[in-house]
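Note sheet for the following structure.
The values are calculated or read from the model by the stated rules, or taken from the named source; none is laboratory data. Model, not experiment: these values are computed from the prediction. FYI the Cβ positions are ideal-geometry reconstructions off the backbone, even for glycines, and counts take in every protein chain you see. Side chains are part of the model used for accessible areas, which takes the heavy atoms of the whole protein and leaves out ligands, DNA and RNA. Shrake-Rupley method; radii C 1.70, N 1.55, O 1.52, S 1.80 Å.
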Amino acid sequence: MFSFRDLIFAGMAFPTSVFVGISFWTLYLYDRELVYPHSIDTVIDIWMNHAMHTLLLPLILLEMLITPRRYPSKGKGLGLAITAVSAYMCWMLWIYSVSGRWPYPLFQGLSHFSIVIVFLVSTAIYLLIYNTGEFLCRMIWGDTIVILDIYKKKSK
């Protein structure tokens, strides 16, 4: 179970939390209407916005600091990360194909080529965050984890 937990953390939880926190607030500060139009304020309170886009970052960093873990092999971790990014992009494309509207106003005025570029750049950033998480984990916990011997296999 520990290796599965670490795989989910490495491939999805850490990179998604960091990506959401950084990309949302970067776009929000540049032009709020690109990601969080004023009309949403009547539906989603400000505290909920912070719970969805701000709180993720400090909580995932705290999780990395307090829970000993070992990142999975590059193949497994990056495979899950690419699968997660691809699934999210497919979800956005499906929403657009069904409703004719993008989930984020950012995409409304972009050409198909520009959308592909945004998807590719976002994927590259996501994978960079994955590698940063792996580096941070090794800096904090080292290559071997002896705490509670959670990875030691019992031999008979």
* Asked: Which whole-number percent is the relative contact order of the chain (Cα, under 8 Å, 6+ apart)?
  -> 39
* **Nearest-ten-degree value, helix 56-66 long axis tilted from longest Cα axis of the chain** => 0
* **Amide N proximity, the stretch 83-104 versus residue 44 label position 7 Å along Cα-to-Cβ, cut-off under 13 Å** => 103-104
* To do: Identify which of 18, 116, 35 has the largest mean-square fluctuation in a Gaussian network model of the chain, with springs joining Cα atoms closer than 10 Å.
  => 116
* What part of the accessible area of the chain, given as a whole %, is carbon or sulfur when the probe is 1.4 angstrom? -> 72
* To do: Starting from the coordinates of the alpha-carbon atoms of the chain, obtain the Kirkwood hydrodynamic radius over all distinct pairs and give the value in Å to one decimal.
  => 17.4
* To do: Sort 126-138, 19-31 for me by packing, meaning the mean count of neighbouring Cβ atoms within 10 Å per residue, highest on top.
  => 126-138, 19-31
* Asked: Considering only protein heavy atoms, what per residue accessible area in square angstrom results for the stretch 57-103 with a 1.4 angstrom probe?
  -> 61
* Structure fact -> Looks like the stretch 23-62, by Cα gyration tensor root eigenvalues a ≥ b ≥ c and the a/c under 1.5 rounded cutoff (else prolate when a/b is bigger than b/c, oblate otherwise), is oblate
* To do: For the stretch 1-55, report the accessible area per residue in Å² (1.4 Å probe, heavy atoms, rounded to an integer).
  => 60
* Structure-based [θ]222 nm, the chain - -39500 (n - 2.57) summed over DSSP H runs of at least 4, per residue, nearest 500 -> -21000 deg cm²/dmol
* To do: Just need the Rg to Rh number for the stretch 66-129, please, alpha carbons only, Kirkwood Rh.
  => 1.10
* Asked: For residue 42, what accessible area in Å² do you get when you roll a 1.4 Å probe over the heavy atoms of the protein chains, rounding to the nearest 10?
  -> 120
